[in-house]
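S.K.: Below are the structure tokens for one structure; questions will follow.
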Amino acid sequence: MSFDLPGQLLPLPEHLASVVPAAMPRRPSSTPPTDHAQTDHSSSQSTPPWTPPLDEAQCEPWYDGDDAVVALREYNSDQEYDLPLHIKSFRLGGSRSCEVSVPGRGLSAVHCLLERRGSRFLVHDQHSTHGTIHDGRRIQVADLQPGDRFTAVPVTFLVLNNEIRIHRPLLVELLGTDFAPWSPDRLVIEAAKGLGNLLLTGEAGCEHERLARAIHAMSLLRNRPLIECSHIPAERPSQVGLIKRASRSTFVLSLTSRTPPIEPTFASMLFSPSYHVRVIVIAPSLAVSRRVLPAQNVDQMQHVWIRPIAARARELPAIFDRLLSEGDAPIRLANLTEANRARLLSHAWRGNWEDVRMAANRLTSIARIPDWEELDWRERAIALGIAKSTLYDWYKLLQLTKPLFAKSM
């Protein structure tokens with residue numbers, strides 16, 4: 001028996017020589033190997049073995065900080081359910097034994113299970129009678145993010161992180177709870193989940209700037225600096241610099257009835273998708289914004305009108321009591337005489353929130369001064385630390401009468 005020597009190639013049989021290709025020549029050692037998985041066979045050029053970095057303007061903005069779910073709130077309601085971070089799962093249902101118990105509302109005893117799994121927060125339907133809905137679909141399991149809304153039929157919940165929990169009360173204060181189409185929770189969802197442009201309109205003193213800052217603080221852009229502007233520079237390099245500062249963040253542009261039309265080139269940069277700027281425009285009215293900015297850009301914005309205080313007469317007692325409580329006042333609105341209470345509730349409040357806050361602060365200070373009604377105007381003004389004429393004019397403006405407070409106080 002004979003053996004082939006190592007490395008020796010035997011000739012192919014004649015019947016196979018025609019179908020087996022000749023051996024390919026060895027590639028010179030100086031040529032780098034080709035990654036055949038990345039070869040583009042439709043062209044002579046190959047895909048590079050590494051991905052080149054992108055310019056920041058080419059990337060979508062994103063948020064990569066802590067975003068833990070800390071609570072649920074019934075949608076457009078005051079009922080909130082705390083979800084402590086150290087607890088990994090919560091039962092939600094009609095049973096009083098559930099960690100999130102909603103009895104007597106039509107939920108199954110254990111309707112769904114909420115679970116922390118690493119950085120994820122999931123909802124699992126527990127074979128409930130009426131089901132669990134998320135993003136318009138009946139689900140068995142779904143990922144939930146802050147700002148999401150889901151329904152354990154028939155009760156709808158809003159998912160909260162710390163930022164939403166902190167800033168939602170301001171939205172309730174400025175928008176009210178009984179105003180369509182923009183309820184506070186609808187704006188929470190737009191702030192936390194959306195990146196669309198917003199137009200905030202209303203009278204001066206309605207605190208549009210505070211609302212814009214709260215929207216940014218709840219958004220996925222909150223780790224970028226907020227840019228606030230009321231005057232656009234005339235020089236092109238300054239305009240470009242302003243847009244670059246606002247890139248991938250929120251740009252708040254405040255307009256007045258005297259603001260001149262913005263130059264088309266700057267407006268084009270501001271609304272260009274290349275810069276990823278979320279624009280929040282503050283204006284007295286829709287007409288002013290359409291005069292200053294291109295109408296097609298204004299028409300694509302979500303429009304939020306903040307009602308003046310005078311249009312919220314039904315809510316005004318609660319507003320006053322909340323402000324008095326925040327100032328640790330020893331009184332509430334009901335402690336005023338009926339006549340003075342009626343005058344406060346019917347006042348026009350031209351300065352809106354500024355005037356209401358000042359009234360609440362002064363009433364708080366007055367309620368702490370002993371024998372207020374026995375003092376003359378000079379002594380009252382000294383006690384409050386303001387000019388006598390200022391105090392007298394304020395009383396006259398609000399048409400307040402003596403005594404200020406009911407005797408039962």
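S.K.: Just for the range 314-368: of the residues that are crowded, with 19+ Cβ neighbours inside 10 Å and of a type in the set (S, T, N, Q), which one is farthest from residue 404 (Cα to Cα)?
M.R.: 352
S.K.: Just to verify a result, which residue in the range 247-271, among those that are among the polar types (S, T, N, Q) and farther than 12 Å from residue 197 by Cβ, is nearest to the chain's Cα centre (by Cα)?
M.R.: 249
S.K.: Of the numbered conditions (1) within 20 Å of residue 204 (Cα to Cα); (2) in the same structural domain as residue 196 (by TED's automatic domain parsing), residue 320 fails exactly one; give the number of that condition.
M.R.: The failed condition is (2).
S.K.: Using the structure shown, decide if residue 297 is out of contact with any Gly (no Cβ under 8 Å at 6 or more places or on another chain), assigned by TED's automatic domain parsing to the domain that holds residue 198 and surrounded by 15 or more Cβ atoms within 10 Å (Cβ to Cβ).
M.R.: So residue 297 fits the description; yes.
S.K.: If you don't mind, there's one more thing I want to ask. With respect to residue 386, determine if the residue is free of Cβ contacts under 8 Å to residues at least 60 places away in the same chain, among the aliphatic types (A, V, I, L, M), in a helix (DSSP H, G or I) and out of contact with any Ser or Thr (no Cβ under 8 Å at 6 or more places or on another chain).
M.R.: When the stated conditions are applied, residue 386 does not pass them.
S.K.: Just to confirm my filter: which strands (runs of 3 or more DSSP E) fall fully inside the range 62-114 and include at least 2 residues that are in contact with a helix residue (DSSP H, G or I) (Cβ under 8 Å, 6 or more places away or on another chain) and within 25 Å of residue 175 (Cα to Cα)?
M.R.: Once the strands (runs of 3 or more DSSP E) in the range 62-114 are filtered for at least 2 residues that are in contact with a helix residue (DSSP H, G or I) (Cβ under 8 Å, 6 or more places away or on another chain) and within 25 Å of residue 175 (Cα to Cα), what remains is 71-74.
S.K.: Of everything in the range 155-168, what is surrounded by fewer than 19 Cβ atoms within 10 Å (Cβ to Cβ) and within 12 Å of the chain's Cα centre (by Cα)? Give them in sequence order.
M.R.: 162, 165, 166
S.K.: Within the range 264-286, take every residue that is in contact with a helix residue (DSSP H, G or I) (Cβ under 8 Å, 6 or more places away or on another chain) and part of a loop (DSSP other than H, G, I, E, B) and give me the one that is farthest from residue 227 (Cα to Cα).
M.R.: The residue in question is 274.
S.K.: Go through the range 227-259 and report how many residues are in a loop (DSSP other than H, G, I, E, B), surrounded by fewer than 19 Cβ atoms within 10 Å (Cβ to Cβ), in contact with a strand residue (DSSP E or B) (Cβ under 6 Å, 6 or more places away or on another chain) and of a type in the set (A, V, I, L, M, F, W, C).
M.R.: So the answer is 0.
S.K.: If I ask for residues that are out of contact with any Ser or Thr (no Cβ under 9 Å at 6 or more places or on another chain) and touching a residue at least 60 places away in the same chain (Cβ under 8 Å), which ones from the range 336-349 would you list?
M.R.: Once the filter is applied, which keeps residues that are out of contact with any Ser or Thr (no Cβ under 9 Å at 6 or more places or on another chain) and touching a residue at least 60 places away in the same chain (Cβ under 8 Å), the range 336-349 yields 336, 338.
The values are calculated or read from the model by the stated rules, or taken from the named source; none is laboratory data. These numbers were taken from a predicted model, which means no experiment stands behind them. Cβ: placed from backbone, ideal geometry, glycine included. Neighbour counts: every protein chain shown.
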